[in-house]
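All remarks here apply to the structure that follows.
The values are calculated or read from the model by the stated rules, or taken from the named source; none is laboratory data. These numbers were taken from a predicted model, which means no experiment stands behind them. Neighbour counts run over all protein chains shown; Cβ positions are idealised from the backbone, glycine included. SASA here: full protein model, heavy atoms, side chains in, ligands and nucleic acids out. Shrake-Rupley method; radii C 1.70, N 1.55, O 1.52, S 1.80 Å.
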Amino acid sequence: MNKIDYAIMEIHHLDHEAKKENILTRINPLAKLIITFLYIILLTSIDRYKPQQCIYMCIYLILIKIIGEISMKKCIKRLKVIFTIVLVIGIANPIINRNIVAQIGKIPISSGMISMTTLMIKGCFAIIASYFFIITTGMENFCVALRMIHIPGVLITVILLIYRYIIVFLKEVQRIWTAYSMRAPNQKGVNFKAWGSMIGSLMIRSIDKAGNVYDSMELRGFNPDTFFDKKNGFCEIDLIYFIFSAAVIVVIRYINIFEMIGNVFVFQ
Amino acid sequence: MKAEECVMESSMLKIIDLSFSYDGKREVLSGINLDIKAGECIGLIGANGVGKSTLLKLIVGLEFAKKGKIIVNNMEVNSKNLREVRKNIGYVFQDSDAQLFMPTVHEDVKFALLNYGYGKDEADQIAYETLKKIGIENLKDQSIYHLSGGQKKLVSIATVLVLNPDMIIFDEPTVCLDPKNRRKFMEVLRSLGGTKIVASHDLDLIYDTCDRSVLIADQRIVKEGITQKILTDRELLENNGLELPLSMISRNKMSVIM
Ligand SMILES: Nc1ncnc2c1ncn2[C@@H]1O[C@H](COP(=O)(O)OP(=O)(O)OP(=O)(O)O)[C@@H](O)[C@H]1O
Ligand SMILES: [Mg+2]
């Protein structure tokens, strides 16, 4: 399997996993969207010199992982590039901020190193939370959630089309690539002279294809104003999920659980 | 007045003096007039590039002509009542790749049903039955992007049959199909109620399934009439870039040998 095939398969995998039957995939997408937002906002609001506070926030992720039966191995594999970027961005901190604030053995710890750790943890957790949301919701339901907060149907259609367009585009890349290499068997890669015309025809062809896909959707009764309006309404389970998750997130954010447990033992 | 109403009622598709050009310069179709009655099966034939697909796209409102009118089911095809018009027309694209976009076969087939307000379970049921009708229920959960050319064709046919529309338009339905699936398609086509328009180079298919045929050449309708008459007229076909259906040729050869 070549890289493009693999990429297409990965995109399908996201769709596929969102259709798995478990409690999380059945929850109203808007409830999940708001909870994910809440989590990210509270996570990012943590003081940058308090990495230990950040670590508590993983409790929510662990719960979601267990309830949603999500594979952590696949998650890390898929997100490794983004993780790397987040880690690289964090590295700038210790260079800029060199105040020594503590010492572990003989190793001096600067405030920059602490904020770097916090930033990295925050970044990775936020990405994982978003990934968990998408993988338990799916792109289409994500659009339904957007529609519920009254984002215009046309805009949401664009989002959904871009998502579908990625696959059409990748397929087109694959086709042109194969056609080229069949006729230039002795070359490695694409000759720079052919780049211009190749990218040009790639654009025209994939835009044309995307237009056809939209036509096909319309011919089969697709209407952006009604399509995303189908799964409205919170039911009991959505409400329970919402209250429970919000409570968990607020507790792990504002109450220092481990310290509390520690105190209980000390008093005894 | 009454007689006129009666005629209007039985007419499924009426094309009046239609001319079309993509670029505003070169006309692809010019002065097309056609009347198709409800329940007819019409073959649309002509050499490559004469405008068969273009005519079909005009009928479903994927393109609009500056001159002339198309009336489907007593409704003019224009941007205002497009949704109404399309509700009753199914259209199988010449290029199946362009038609299918959902991740799996089953989801693609039920896409239209969900759009027209069917419940999830009902849509599942109807989609499955349609797949079964065409004999591809085993592909149900397969990814669209990993289907063969012929399988894609069958799935795109299913996506249209699923709604059971009043009129179905097929653009090259048998391309990529193996002999068995082609035969299966012909059976399905015959069993369908409603009006059917089939554009194809598979003249044997047209010969076997269409009551009436329309031959297009030089931007115009050159001949329109009973299929058996048109498809046995060697001179007419050859003058317009076509040949007799294969079954005719072999039949002629057999009679020469005997
Ligand atoms: N999108 C387009 N823009 C400009 N010209 C087009 C476009 N699509 C088709 N044409 C031109 O219009 C003419 C009719 O094309 P059309 O696809 O309708 O032919 P067809 O009869 O379906 O041919 P085939 O049997 O090969 O499918 C052709 O000359 C073609 O070059
Ligand atoms: Mg065509």
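Brief remarks follow.
- Both radii were evaluated on the Cα set of the protein assembly as shown; the Rg over Rh quotient, with Rh as the Kirkwood radius, amounts to 1.10.
- Figure legend: label point modelled 7 angstrom from the Cα of B:TYR22 along Cα→Cβ; residues of region B:171-189 with amide N under 20 Å from it are B:171-173.
- The GluC sites (Glu not before Pro) of region B:57-107 include none that DSSP puts in a loop with a beta carbon having at most 10 other beta carbons within 10 Å.
- Computed from point charges on the beta carbon alone (+1 for Lys and Arg, -1 for Asp and Glu), the dipole magnitude for chain B about its Cα centre is near 160 Debye.
- Sites matching GluC sites (Glu not before Pro) across region A:1-80 that sit in DSSP coil, with at most 16 neighbouring C-beta atoms within 10 Å: A:GLU21, A:GLU69
- Choice from B:GLN94, B:GLN151, B:GLN142 with maximal GNM fluctuation in chain B (Cα, 10 Å cutoff): B:GLN142
- The distance separating the Cα centre of region B:176-195 from that of region A:1-69 comes to 46 Å.
- Overall form of region B:80-147 per C-alpha gyration tensor (a/c, 1.5; a/b vs b/c): oblate
- Segments B:19-32, A:212-225 sorted - mean Cβ within 10 Å per residue, highest first: A:212-225, B:19-32
- Average accessible surface for region B:2-133: 46 Å² per residue, computed with a 1.4 Å probe over protein heavy atoms with every protein chain in place.
- Among B:VAL214, B:VAL175, the sequence by solvent-accessible area, most first, with a 1.4 Å probe is B:VAL175, B:VAL214.
- In this structure, A:SER201 and B:ARG234 have a Cβ-Cβ separation that, at R0 = 25 Å, corresponds to a calculated FRET efficiency of about 0.05.
- Chain B: most fluctuating residue of B:LEU82, B:LEU100, B:LEU161 per GNM, C-alpha cutoff 10 Å: B:LEU82
- Angle of helix A:3-18 to the longest C-alpha principal axis of chain A, folded into 0 to 90 degrees and rounded to 10: 60°.
- Note on chain B: helix-only mean residue ellipticity at 222 nm, from DSSP H runs of 4+ residues weighted -39500 (n - 2.57) and normalised by residue number, equals -12000 deg cm²/dmol.
- For B:ASN33 and B:SER79, a Förster radius of 22 Å and the Cβ-Cβ distance give a FRET efficiency of 0.45, rounded to the nearest 0.05.
- Those residues of region A:152-175 whose amide nitrogen sits under 17 Å from the label point placed on A:MET9, 7 Å along Cα→Cβ: A:167, A:170-171, A:174
- Comparing each chain alone with all protein chains together (probe 1.4 Å, DNA, RNA and ligands left out), the residues of region B:113-147 losing at least 10 Å² of accessible area are B:LEU114, B:ASN115, B:TYR116, B:SER143, B:TYR145, B:HIS146.
- Residue by residue along A:206-217, Cβ atoms of other protein chains within 10 Å of the local Cβ number 4 on average.
- Alpha-carbon centroid distance for the pair region B:56-84 / region A:208-259, whole angstrom: 37
- Pairs exceeding 28 Å between alpha-carbon atoms, taken from B:LYS140/B:LYS196; B:LYS80/B:LYS140; B:LYS80/B:LYS110; A:LYS3/A:LYS73: B:LYS80/B:LYS140.
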